[in-house]
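Asker: Attaching a single structure in structure tokens format; questions to follow.
The values are calculated or read from the model by the stated rules, or taken from the named source; none is laboratory data. Remember, predicted model here, so these are calculated numbers, not experimental data. Backbone-built Cβ (ideal geometry, glycine too); neighbour counts: all protein chains shown. Accessible surface areas use protein heavy atoms only, side chains included; no ligands, DNA or RNA. Shrake-Rupley method; radii C 1.70, N 1.55, O 1.52, S 1.80 Å.
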Amino acid sequence: PNQKDVEALQTLVSRILKKRRAEHLGLELGSLLSKQAFIYHPSDNSREQAIHTLANRLYELGLVPQNYERQVFDREALSDTAFGIVAIPHTMSHCAVSSVIGILIPDKPLSWGKSKVELVLMLAFSRLERAMFNEVFDSLVSILQSSELVRRLAECTSFDEFESQLQRMLGE
């Protein structure tokens, strides 16, 4: 094989590995997303109300302990979890009964510290799924660093649309 063949093979292997990683992350993310933990167009207009709404929903679903909301506020007190137009509230510990990502898409941007947030993703992970937390968190952050991608997610009006959009982004 010549240099051109080697480069073509490296490109092909890289493409296959990227596709496998996206499929693996897609499966992990899919297992963390729940239609019941998706809230669109709430009347909440502040960080506090959004955290309360999502934490309460996760608690009602039996996915987090009763003190989960307090733990999220304790984490927020250290530094707010807004990154541009998205917020990713979570606790300092992996205390969830079952791992889940709560999704809140407000009808208008929320005040979140010094930011205006268009999408809130509340992360709740159990101790048994600590390793998944780092992998999923890193992948989400890479997507959520782009305001354009966040806006595409924030424009979704249903869980199915949101999940589909997120899966497409993982494959890009």
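Asker: I'd like to check one number: the per residue accessible area of the chain, probe 1.4 Å, reported in Å² as a whole number. Mind dumping the intermediate values first?
Answerer: Details: 9400 Å² over 172 residues.
With all protein chains present, the chain gives 55 Å² per residue.
Asker: A further question on this structure: Got a sec? Which residues in segment 60-75 would a label at Ser93 touch, if it sits 7 Å along Cα→Cβ and we count backbone N under 18 Å?
Answerer: Within reach of a label on Ser93: 63-75.
Asker: Hey, another quick one. What percent antiparallel are the DSSP beta bridges of the chain, to the nearest 5?
Answerer: If we restrict to bridges inside the chain, about 60 percent are antiparallel.
Asker: From the square roots a ≥ b ≥ c of the eigenvalues of the alpha-carbon gyration tensor of segment 23-109, which class results: rounded (a/c under 1.5), prolate (a/b over b/c), or oblate?
Answerer: Working: a/c = 1.35, a/b = 1.15, b/c = 1.18.
Rounded shape, in that the Cα axes give a/c under 1.5.
Asker: Tell me the mean residue ellipticity at 222 nm calculated for the chain from its helices only (DSSP H runs of n ≥ 4, each -39500 (n - 2.57), averaged over every residue, nearest 500).
Answerer: My calculation for the chain gives -17500 deg cm²/dmol from helical runs alone.
Asker: Additional query: Report Rg (one decimal) and Dmax (nearest whole number) for segment 86-170, counting Cα atoms only, units Å.
Answerer: Taking only Cα atoms of segment 86-170, I get Rg and Dmax of 13.0, 36 Å.
Asker: At a threshold of 8 angstrom on Cα-Cα distance, excluding pairs fewer than six apart, so keeping six or more, what relative contact order does the chain reach in percent?
Answerer: Here the relative contact order equals 24 percent.
Asker: Separate question: Could you tell me what percent of the accessible area of segment 41-162 is made up of carbon and sulfur, with a 1.4 Å probe and every protein chain present?
Answerer: 47
Asker: If you place +1 on the Cβ of every Lys and Arg, -1 on the Cβ of every Asp and Glu, and leave all else neutral, what size is the dipole of the chain about its Cα centre, to the nearest 20 Debye?
Answerer: On the way: 19 positive and 22 negative charges, 55 e Å.
Dipole size: approximately 260 debye.
Asker: Kirkwood Rh over Cα pairs of the chain into Stokes-Einstein at 20 °C, 1.002 mPa s: D in µm²/s?
Answerer: Translational diffusion coefficient: 127 µm²/s.
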